[in-house]
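A short reminder: the numbers here are calculations on the coordinates, not readings from a lab. Please read these numbers as outputs of a predicted model, since none were measured by experiment. Don't worry about glycine lacking a Cβ; one is built from the backbone with ideal geometry, like all the others, and counts go over all protein chains shown.
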Amino acid sequence: MEPACSKACPTKSIQFGTIREPLRERARARVERLHEGGESRAYLYGADEKMLGGLNSFYLLVDKPEVYGLPPDPKMPTRNLIPSSVFALLGAVMVGLAGIINFRDRGAREARP
């Protein structure tokens, strides 16, 4: 089913469909029309297979990706998985040690009159 955002878009700038050929070809044709009309900065962001092996969506931009809140060189989140896991494990160990140090003689203090 087509999402409501693409159905309701008055300018038809949000389009839904199979990325492989129809959408990609329409987008490339739009870029060509913009170039012919004098907008030489227009390009497709994320349409080629070089960017993370191809994205599930792409954008027609006329400026740097950062201007639109997009990363200039996106990275796969799974590439940061191991370092993040190590830091989380170290944090958990530190919290555990802090708890042990703070409460190590708690029972002995409560037993004293």
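Quick notes on this structure:
- Using the Cβ-Cβ distance between Cys5 and Glu39 with R0 = 25 Å, the FRET efficiency computed as 1/(1 + (r/R0)^6) comes to roughly 0.50.
- Segments 26-37, 61-72 sorted - mean Cβ within 10 Å per residue, highest first: 26-37, 61-72
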